[in-house]
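Asker: Have a look at this one.
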């Protein structure tokens, strides 16, 4: 709602960025700009200032911590994540999700921090990172905090980030032996937002499922996990019956919208098949698994 | 977009009607309503703020009561636009009240929403869900308002 030009700054440190954001109610973080610029062009947002995060070194790059977790800096592009060979096994779904976001030009532009902060439940990262069990690193005016990704998403386009807070990175738990994962996206055409997406990360041990996380995206205000349904799968061989009843619990827990990508009813019909496809995809190639 | 919903409040029909038909009281229950002014018996001006994540806006609305059958039916036409005329909205609403016992009233409504401009382009599916959320907040606010009125009435010996 402002008159006059929009200001732009490129601070070199996270503290400077936070100071600039705190000084101006109408200021917004600018990461890759893949979504923000489109929203600016559509007249949906009118920030008074864009604070670019491009020059802040600590937001760049992917690193493995000594305990095996993978930390993806907030400014890491989708293209970079999609290429990273350390994201395999239990972490492969993060790479698969990144590789399926929109088109190459957008994957070169968009960043993981921006995508997570935007909290769009129909975009690819939120559901995939929930299934992966990621944590989000956040810089605030008074220090640093971390937030489980399940707690970060609050509503459509609404995250638990407070004004003046900036995501600095996403940390994915270390891959364990016997872990597999998959991200399955159903969209009208390649590169579109998902009509429904499913992320799964599971551990297979002693010929049975030892742990599993399933998140369904694009079917409600935030990606949906149903912990009871996940628990019901532990100890099973992830056979058709077990999957079918777990999938039904997901159908019951979601509340999709009608939009041009599909009606709510259509989305609900897609969920069971996509959960099955994701689980089978994750198990593929594991000896003894019923893939 | 059509929005059809119904809900029950714990209050007698007559009192529920009196709150809904009082512009100041009703406006205080509308999420994001910043002001309301009475033009005449059947026309009101209101300012309502709405937000969806980073998208924030303020609508200047004129509400016209096109039909009214006290104490259980009203039809309203709401028209308005954002500052800068980036989007305009018109909403035709039919509201009916049914007594569901001495202390319960069923409120059913049907709204036909037309949105043109930047917000209309953004996605009506999402707007519809947002409207349903706002509807639920309205119900919660209305119930609180009715509870407060009943408590006051009881304290007054009425």
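The values are calculated or read from the model by the stated rules, or taken from the named source; none is laboratory data. All values derive from a computational prediction rather than experimental measurement. Using ideal geometry, Cβ is built from the backbone for each residue, glycine included, and neighbour counts are taken over all protein chains shown.
Asker: Residues being part of a helix (DSSP H, G or I), closer than 15 Å to residue A:190 by Cβ and in contact with a strand residue (DSSP E or B) (Cβ under 7 Å, 6 or more places away or on another chain): count how many of those fall in the range A:77-102.
Answerer: Of the residues in the range A:77-102, 2 are part of a helix (DSSP H, G or I), closer than 15 Å to residue A:190 by Cβ and in contact with a strand residue (DSSP E or B) (Cβ under 7 Å, 6 or more places away or on another chain).
Asker: Would you be able to say whether some residue in the range B:38-48 is within 14 Å of chain A (Cβ to nearest Cβ) and either more than 23 Å from residue B:108 (Cβ to Cβ) or at pLDDT 95 or above (or both)?
Answerer: Yes, the range B:38-48 contains at least one residue that is within 14 Å of chain A (Cβ to nearest Cβ) and either more than 23 Å from residue B:108 (Cβ to Cβ) or at pLDDT 95 or above (or both).
Asker: For a quick check of your reading: which strands (runs of 3 or more DSSP E) sit entirely within the range A:141-226 and have at least 1 residues that are out of contact with any helix residue (DSSP H, G or I) (no Cβ under 7 Å at 6 or more places or on another chain) and surrounded by fewer than 17 Cβ atoms within 10 Å (Cβ to Cβ)?
Answerer: A:143-148, A:153-155, A:196-205, A:208-217
Asker: So, residue A:12, is that one out of contact with any helix residue (DSSP H, G or I) (no Cβ under 9 Å at 6 or more places or on another chain), at pLDDT 95 or above, farther than 20 Å from residue A:84 by Cβ and not in a helix (DSSP H, G or I) or not?
Answerer: no
Asker: If you don't mind, another one. Any idea how many residues of the range B:23-71 are surrounded by 13 or more Cβ atoms within 10 Å (Cβ to Cβ), over 23 Å from residue A:25 (Cα atoms) and within 14 Å of the chain's Cα centre (by Cα)?
Answerer: 16
Asker: Scan the range A:95-120 for residues that are without any contact (Cβ under 8 Å) to a residue 24 or more places away in the chain and buried (at least 19 other Cβ atoms within 10 Å of the Cβ) and jot them down.
Answerer: Selection gives A:95 alone.
Asker: Answer with yes or no whether residue A:255 is assigned to a helix (DSSP H, G or I) and more than 23 Å from residue A:88 (Cβ to Cβ).
Answerer: So residue A:255 fails the test.
Asker: A further question on this structure: Kindly indicate the residue of the range A:15-32 that is part of a loop (DSSP other than H, G, I, E, B) and modelled with pLDDT under 95 and also farthest from residue A:107 (Cα to Cα) among those meeting that condition.
Answerer: Restricting to residues being part of a loop (DSSP other than H, G, I, E, B) and modelled with pLDDT under 95, the top hit is A:23.
Asker: Another question about this same structure. From A:262, A:285, which residue is within 17 Å of residue A:90 (Cα to Cα) and modelled with pLDDT under 95?
Answerer: A:285
Asker: Let me ask something else. Just one of the numbered conditions (1) within 14 Å of chain B (Cβ to nearest Cβ); (2) farther than 30 Å from residue A:209 by Cα; (3) out of contact with any strand residue (DSSP E or B) (no Cβ under 7 Å at 6 or more places or on another chain) is not true of residue A:105; which one?
Answerer: In the conditions (1) within 14 Å of chain B (Cβ to nearest Cβ); (2) farther than 30 Å from residue A:209 by Cα; (3) out of contact with any strand residue (DSSP E or B) (no Cβ under 7 Å at 6 or more places or on another chain), residue A:105 misses (1) alone.
Asker: Something else now. Do we find that residue A:244 is under 17 Å from the mean Cα position of the chain (by Cα) and either modelled with pLDDT of 95 or more or at positive phi (or both) in this structure?
Answerer: It is false that residue A:244 is under 17 Å from the mean Cα position of the chain (by Cα) and either modelled with pLDDT of 95 or more or at positive phi (or both).
Asker: Which of the residues that make up the range B:89-136 are more than 30 Å from residue B:10 (Cβ to Cβ), more than 14 Å from every other protein chain (Cβ to nearest Cβ) and either out of contact with any strand residue (DSSP E or B) (no Cβ under 9 Å at 6 or more places or on another chain) or surrounded by 17 or more Cβ atoms within 10 Å (Cβ to Cβ) (or both)?
Answerer: Selection gives B:89 alone.
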